[in-house]
Amino acid sequence: MIDYSALNQAFAPDASPIQPCKIYLKHYTEGVKERFSTGQTPTGELVAERAHLIDEILKRAWRRHFQTATEAALVAVGGYGRGELHPASDIDLLVLLNHEEQFESFKDHQERFLTLLWDIGLEVGHSVRTVDDCIREAEQDITVITNLIESRFLAGSQALFEEMLLATGPNRMWNSYDFFEAKWDEQRNRHAKQNGSISNLEPNIKESPGGLRDIQMIGWVAKRHFKIHDLHDLVRYEFLTDAEYQALLEGQNHLWRVRFALHLLTGRRDDRLLFDHQRTLASYLGYDADYANLAVECFMRDYYRTVMELSRLNEMLLQHFQENILFKNKLGDPVTINQRFQKRGHFLEVSHDTVFNRYPTALLELFLIMQENPDIRGVRASTIRLIRNHTYLIDEKFRQDTRAQSLFMEILRQPCGITHALRRMNRYGVLAAYIPIFENIVGRMQYDLFHVFTVDEHTLMVIRNLRRLTVMKHADEHPFCSRLIGTLPKEELIYLAALFHDIAKGRGGNHSELGAIDALDFCRLHHLSEYDSHLVSWLVRHHLVMPMTAQRKDITDPKVVQEFAALVGDLNRLTYLYLLTFSDSRATNPAAWNSWKDSLLRDLFNATRYALFRGLDNPLAQEELIREKQLAAMHQLLQQHTPEHAVRTLWSTFTNEYFLTHSPNAIQRHTKAILRTPKEAFPLIQMRQTAKRGGTEVLFYGSDRDNLFAVTTTLLDQLTLSIVNARVMSASDGFSLNSYLVLEQDGSPVEIGQRSYEIVKTLKDGLCQEGDQALRVSRRIPRQLKHFETTTNIHFTQEPTLQRTVMRLVTMDRPGLLSDVGQAFASCNIRLQHAKITTLGAQVEDIFFITDRNNRPILDETRLACLKDTVVAKMPE
């Protein structure tokens, strides 16, 4: 509460107010923290109260330094002008002067006034302008006129303030049409900077879609067009219903509460919900974990659902404004589409307000009509409101209606507009009403760096990726997949699988298994054949198998491919699963998708397709595969005039695994490079871009040594390269042939040129160094990674086919990780044969294929326990 007597005493004319004000503000802030944390006072009241407190301080400070200034005014602008101040919000002020001559005469007054405010501890932003300055700058800058619209008189000359308001009013500049068009364009640009998504991992409470700026946008347009000062007045103008106004108010209060807590937590103006703060905020605001979700996930789910609802209201109201400001008297006469819908201009509307009551299935028909009429750009605001108000009609009886079922399937079978239709259905609340279990994933986030979208947005992004493959103008983006999707007998089946693949997340249990049951029930309800229903259900159940196989197993091993082919069963399932996996992986974290992961999936698809063509009862034997590869490689080498006896002598030192895990092209390339390099020039280090493997290959051939892998990975890490695959072979003649597939930090291949020259030189210098080397990587751990806890987990299995032990390491990603693992191998006399590196946000799931010094699997449990302890000891606590 504000203590006016204390303020009056602080500003007593015979004493400095600085120390008393600082003490008062400190005690006041402590009291606010207590009232906020205990819920004694609603956040909205605290926000308004702080603005009022600052009003009282500024008025007293103004009188102290501008007592004789009758031709100047102190004006609050921006958020402060609205009477809203969070604990660390900027206090934006305008010192308004009557004429330019006052700049010099009032200079000392201004400096003393502002110095006092800063000494008190107030974060003040200010500008000094005459009325003419305001006119000139407001005419040129939409931001300036927006600030002036929200201006509020504090002290000084009221007449001067009113003169400024009159001079910058809509009849003088920025009429409703121009103002709305400029602000709408501003909002689109602002949303684009936030990737147009409400579900960024670290959203901005103000700037993100559905954030506080979107509410303010409505207020700015309403003030300019209707000359109102309270959003509730929009109810009187029938732009808002009472229920919508309450929803707007509740959404604002929720965001205010989060922002207020964030300011108290950080002690500064910060509107980003960084990972640094999310857990603490969740606890501070009283969130608890439930049976399937962390407290922070519950907190962020409420945030995302709030901004989604605000985004829906923002869309509807701006559509209203567009119709009444930009398109006033321009929409033309209605054109009848059917007895339920008509088109006015480029917008769809119901033919009468009782359409949904009389024809409930029109709630789905609307989206089909928009797909069938691509010239329709949007839905009239009045119709959006009717949709929102009638979603209650989508009940169990509605879902059992054959007409509704047919409409939904027809939406998925349309040649265009499927993604737009489903996204619009989600925004209007229709999708969750028609598929009630979808409501559970709306706004649901996973607290990691791997899943960058909420589950509902990710789901729709998967469908968007699939649909994009069918569009001819985008065929050059992913030509292999674009050709494949054209072979699917029924595209709607893969869209259904995408819609259900994550629908059971957050329910506890295996979401793939639970989702498969949901998908089967839905397909049967919608009269799909048993074959189609079971295909969709199978895709949902196994949607994680293909990426796990490609990233965690050695897909050059015929047995691995044979087992996967046996699970898939036929080419039709394989094609559906591959396209679903491709689109799902790209929609999980677009920034983490790279050409390496693309090539892994494609290689597994091609290897499995070949296995299916051979027949599941006719698997390819290892010896036969090695023989085929050697014949193909030798054929290429002989054409290049490479001596056959030299090739066979070199190959006699290679292991069978080398030939199993490399293509004929790679074998001939490595062989030619080694044979054409004089022995005195060893070690051989080469770099080459490999489009098929999706990265840049670093080839090493030279003398073997215990810590070769550790030194090499350290050097590559110091060069800020990401290692995504490593194949290490110790030849029988004391040499080692190693190849690393690397990418730059942004996921792109290394440019061959100056950059590759630098890498080769660094590797050669480092690997030719004699004696023990200090293996340290000095790069810092990225800020975001520090806020995720990953318990190091190591699991060993045996791979009898290739006589190797498989070590699976799950731990937190960090610079120098592979170097530490390599040092652990060296100290435990472990030989690395092959490594597959997978980064999932803040976590890595790396697979190492290892043997002892004699290339035999490690069967001794004591030795494995020693290796595990050594690796864990190198992990940070």
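Some observations on this one:
- Among P203, L265, Y284 - extreme Cα towards positive end, dipole of the chain, charges at beta-carbon: P203
- With Cα atoms, 0 to 90° folded angle of helix 817-827 axis to the chain main axis: 30 degrees
- Taken over the range 260-310, the convex hull of the Cα atoms encloses 81 Å³ per residue.
- Computed over the range 488-544, Kirkwood Rh from alpha-carbon pairs, angstrom: 10.9 Å
- Using the average count of surrounding beta-carbon atoms within 10 Å as a protection proxy, the listed peptides 482-490, 508-516 rank, highest first, as 508-516, 482-490.
- Within a straight-line Cα-Cα reach of under 17 Å, K597 can be paired with the following aspartates and glutamates, leaving aside sequence neighbours fewer than 8 residues apart in one chain: E477, D554, D584, E697, E744, D746, E845, D846.
- Peptides 20-27, 79-86 ordered by average Cβ neighbours within 10 Å, highest first: 79-86, 20-27
- Each Lys and Arg contributes +1 and each Asp and Glu -1, all at the Cβ; summed about the Cα centre of the range 487-625, the dipole is approximately 300 debye.
- Projecting the Cα atoms of H451, V810, I18 onto the charge dipole of the chain, computed from C-beta unit charges around the Cα centre, puts V810 farthest toward the positive end.
- Euclidean distance between Cα centres, the range 660-693 to the range 171-223, Å: 56 Å
- Here the Kirkwood formula, the inverse mean of 1/r across different C-alpha pairs, assigns the range 101-204 a hydrodynamic radius of 16.6 Å.
- The loop-placed GluC sites (Glu not before Pro) in the range 213-322, going by DSSP, that have at most 14 neighbouring Cβ atoms within 10 Å of their Cβ come out as E238.
- Heavy-atom surface of the range 1-61, accessible at 1.4 Å and reported per residue (Å²): 51 Å²
- Cα-centre dipole for the chain with unit charges at Cβ (Lys and Arg positive, Asp and Glu negative), debye to 20: 1780 debye
- For the range 788-857, the list of trypsin sites (Lys or Arg not before Pro) that fall in a loop by DSSP and count at most 13 other C-beta atoms within 10 angstrom reads R853.
- About its Cα centre, the range 1-143 has a charge dipole of approximately 600 debye under the convention of +1 per Lys or Arg Cβ and -1 per Asp or Glu Cβ, with nothing else charged.
- Radius ratio Rg over Rh of the range 166-311, counting only Cα atoms, Kirkwood formula for Rh: 1.03
- Carbon plus sulfur fraction of accessible area for the range 503-657, probe 1.4 Å, in percent: 56 percent
- Additional length obtainable on full extension of the chain from N656 to A865, 0.36 nm per residue less Cα span: 72.4 nm
- For the range 175-292, the carbon plus sulfur part of the accessible surface works out to 44%, probe radius 1.4 Å.
- Accessible-area rank, largest first, for K679, K343, K868: K679, K868, K343, with all protein chains present and a 1.4 angstrom probe.
- Whole-number percent relative contact order across the chain, with pairs defined as alpha carbons under 8 Å at least 6 apart: 7 percent
- Once the Cα atoms are used to define both axes, helix 558-568 deviates from the longest principal axis of the chain by about 50 degrees.
- Rolling a 1.4 Å probe over the protein heavy atoms of the range 658-719, with every protein chain left in place, gives an accessible area that is 48 percent carbon and sulfur.
- For the range 102-163, accessible area per residue (1.4 Å probe, heavy atoms of protein chains only), Å²: 48 Å²
- Ellipticity estimate at 222 nm from DSSP helix runs (n ≥ 4, -39,500 (n - 2.57)) divided over the chain, nearest 500: -16500 deg cm²/dmol
- Cβ crowding within 10 Å averaged over residues, with 147-160, 633-646 ranked highest first: 147-160, 633-646
- Annotation: extensible slack from K764 through L616 equals 48.6 nm (criterion: 0.36 nm per residue apart, minus Cα-Cα distance).
- Fraction of the pair-distance distribution of the chain above 46 Å, Cα-Cα pairs, percent: 42 percent
- Accessible surface for the range 187-328, divided over its residues, is 39 Å² per residue with a 1.4 Å probe.
- Each of T790, Q194, Q110 was placed along the dipole of the chain (beta-carbon charges, centred on the mean Cα), and the one lying farthest toward the positive end is T790.
- Taking Cα atoms only, the orientation of helix 622-639 departs from the longest principal axis of the chain by about 90 degrees.
- Relative to the globular-protein estimate of 2.2 N^0.38 Å, the Cα radius of gyration of the range 255-400 stands at 1.44.
- Accessible area per residue was computed with a 1.4 Å probe on protein heavy atoms; V235 scores about 30 Å².
- If the chain linking T797 and A159 were pulled fully straight, counting 0.36 nm for each residue of separation and taking away their Cα-Cα distance, it would gain 221.3 nm.
The values are calculated or read from the model by the stated rules, or taken from the named source; none is laboratory data. Since this is a predicted model, take the numbers as computed values, not measurements. Methodologically, a virtual Cβ is constructed for each residue, glycine included, from the backbone with ideal geometry; neighbour enumeration extends over all protein chains shown. These accessible areas exclude ligands, DNA and RNA; they are computed on the full protein's heavy atoms, side chains included. Shrake-Rupley method; radii C 1.70, N 1.55, O 1.52, S 1.80 Å.
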